[in-house]
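Read through the structure below, which is laid out as structure tokens, and then see the notes.
The values are calculated or read from the model by the stated rules, or taken from the named source; none is laboratory data. Please read all numbers here as calculations on a predicted model, not as lab measurements. With ideal geometry, Cβ positions are generated from the backbone for all residues, glycine too; neighbour counts draw on all protein chains shown. SASA here: full protein model, heavy atoms, side chains in, ligands and nucleic acids out. Shrake-Rupley method; radii C 1.70, N 1.55, O 1.52, S 1.80 Å.
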Amino acid sequence: MSSDAVATAIASPGKSSGRLFAIIFGLILLIGGSYAAVHLMQDLAVVKSGTAAPYILLGVALLIALGFEFVNGFHDTANAVATVIYTHSMQPNLAVIWSGAFNFLGVLTSSGAVAFTIVALLPVELILQVGSQAGFAMVFALLIAAILWNLGTWYFGLPNSSSHTLIGSIIGVGLANQLMSTASGTSGVNWDAAMGVFKGLVFSPIAGFLLAGLLMVILKAVVKIPALYRAPEGNKPPPWPIRALLVLTCTGVSFSHGSNDGQKGMGLIMLILIGTVPTAYALNGAVTGSQVKTFHQVSADAQQVLVSLGNGVSVTVDPRKTVTAAVQQQTFLPGTAPALAALMASIDKQLGDRTSLKAVPQDQMGNVRNDIYLADAAIPLVLKQPGLTSQQTATLTSWRGLGTQATQFIPPWVKVAVALALGLGTMVGWKRIVVTVGERIGKEHLTYAQGASAELVAMVLIQAADMYHLPVSTTHVLTSGVAGTMAANGSGLQWNTVRSLLMAWVLTLPASILLAGSLFVVFRHIF
């Protein structure tokens, strides 16, 4: 079947069902959008501003951030529905809504840890001053660069990775920030964190290729059902057991995609909220008074540990400057431990015996958050030092966990907004990606077994990455899995498409680095 024929076939589910699913999705969009808007307004009710500028800036930034997630839906979420649509296991409209529903559940149940793993790649001073001109230049540069590159690759039907694009944009901003401010000693990219992310991004498609190929070989040896190894014929759906298997794997990939990929924009949205309206989002209002008391007790113990590591060095300057320098250089300096102890004491004093973090005075919330974030970033430098007892390590780790709970949180309405943007993007842009995955990777069309094998492996790998708080690309894991099944089946690969996919994979990082870095320089001169 030609590409044109496939596109015609998958686009013709019937006018009545198309209208029905459009109405259903419209209702979901209306309810979800209303929920997000109402809760955003409730959160902003505590903000006291004499000007409309913060609200305008917030609106523009949120639209751009949700635009990134919308474009992300073109690529990664479209891959989740590619096999069920191509094999006619589900009608396109139903498949998109089904996938969107499980993306939504995946986003809602996500911890947010992947989101903050990505945010941790950014220069520390830009995170601490995200409400400054440089902070907004950072957010706008990396989001706009990611959107432009994703749109370009989508236009040519290439399953480009939004993960690679966003991380490349972050690196570009970090490098540009460092080059523009060499005299002031500002930091660039957190390369320790970046290397961990790179390992996940590089390993996952290789694992996808090998494991999907291995699963295909095992299936052919064990499961003797001829229909499983045939390509779709016309608009005819597969036998119901095969159809159920494909729907199940699509469901798993969709949920896994939401729980991992859906987080990519969440951390950036939180940076936007913290930068524009810190009084509402700087600290986690869900932290209770009893948890504040626990924080006070752990803080006292942590300060004793740090003082014992200070070797009698006294703090003669602002402890924030000393701790910031250590974090920027990723080095445990002579005065790091006593300065960190003094910073923790300052945080403890500002929190006091509050009934919750909501009770922190509004004019102090931004500073308290920055101090906690800074201390959290410095503790790993202390933990690397030799001679720490297990009790000392546990105390510092406990303080860091409590600090993370206070500053790294994602409101439910943000998750809802991200899920809706992903779903809407999938509805608009799935066709190009479906044809590429179904026909243009292998020399033969995708069979039912190949689709199920690739999606099952993708689901498992994405969930594993989620457990380790690592971002991975649904696009690359799934397309490499399809390629692995084609190789295992002896179908052969269409090297023109494979070369295009590899070029998109190789070019994404340098292109997004250059694009985001250039935009950051431009925006720094504008803002």
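A compact table of results
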quantity	calculated
Test set (1) more than 23 Å from R369 (Cβ to Cβ); (2) modelled with pLDDT of 80 or more; (3) open to solvent by less than 10 Å² (accessible area, probe 1.4 Å) - P159 fails condition number	(2)
Any hit, the stretch 270-293, residues being closer than 30 Å to T389 by Cβ and free of Cβ contacts under 8 Å to residues at least 40 places away in the same chain	yes
Selection from the stretch 208-259 of residues that are within 23 Å of S162 (Cα to Cα) and surrounded by fewer than 21 Cβ atoms within 10 Å (Cβ to Cβ)	L210, T251, G252
Residue in the stretch 324-344 that is closer than 22 Å to Q408 by Cβ, of a type outside the set (D, E) and without any contact (Cβ under 8 Å) to a residue 24 or more places away in the chain present	no
Residues of the stretch 313-351 satisfying the condition of being open to solvent by 30 Å² or more (accessible area, probe 1.4 Å) and among the hydrophobic types (A, V, I, L, M, F, W, C)	V313, V315, V317, F332, L333, A342, A345
Of all residues making up the stretch 224-243, the number that are more than 18 Å from V81 (Cα to Cα), assigned to a loop (DSSP other than H, G, I, E, B) and under 37 Å from the mean Cα position of the chain (by Cα)	2
For I170: the one exception among (1) farther than 22 Å from M270 by Cα; (2) modelled with pLDDT of 85 or more	(1)
Checking I118 against (1) open to solvent by less than 10 Å² (accessible area, probe 1.4 Å); (2) modelled with pLDDT under 80, the condition it does not meet	(2)
Conditions (1) open to solvent by 40 Å² or more (accessible area, probe 1.4 Å); (2) modelled with pLDDT of 85 or more; (3) out of contact with any Asp or Glu (no Cβ under 8 Å at 6 or more places or on another chain): number failed by I274	(1)
Helices (runs of 4 or more DSSP H) wholly inside the stretch 68-142 containing at least 2 residues that are of a type in the set (S, T, N, Q) and within 27 Å of S480 (Cα to Cα)	78-86, 92-109
Scope the stretch 329-344; condition touching a helix residue (DSSP H, G or I) at 6+ places or on another chain (Cβ under 6 Å) and in a helix (DSSP H, G or I); matching residues	T336, A337, A339, L340, A341, A342, L343, M344
Among (1) in contact (Cβ under 8 Å) with a residue 60 or more places away in the chain; (2) open to solvent by less than 70 Å² (accessible area, probe 1.4 Å); (3) outside any helix (DSSP H, G or I) - the single one R369 does not satisfy	(3)
So N311, is it in contact with a helix residue (DSSP H, G or I) (Cβ under 7 Å, 6 or more places away or on another chain) and polar (S, T, N, Q)	no
Some residue of the stretch 396-410 being outside any helix (DSSP H, G or I), at pLDDT 85 or above, touching a Phe, Trp or Tyr at 6+ places or on another chain (Cβ under 6 Å) and over 21 Å from V217 (Cα atoms)	yes
Residue under evaluation T294, criteria (1) in a helix (DSSP H, G or I); (2) open to solvent by less than 20 Å² (accessible area, probe 1.4 Å); (3) more than 20 Å from T479 (Cα to Cα), criterion not met	(2)
Number of the exception - W399 against (1) in contact with an Asp or Glu (Cβ under 9 Å, 6 or more places away or on another chain); (2) in contact (Cβ under 8 Å) with a residue 60 or more places away in the chain; (3) more than 30 Å from L44 (Cα to Cα); (4) not aliphatic (A, V, I, L, M)	(3)
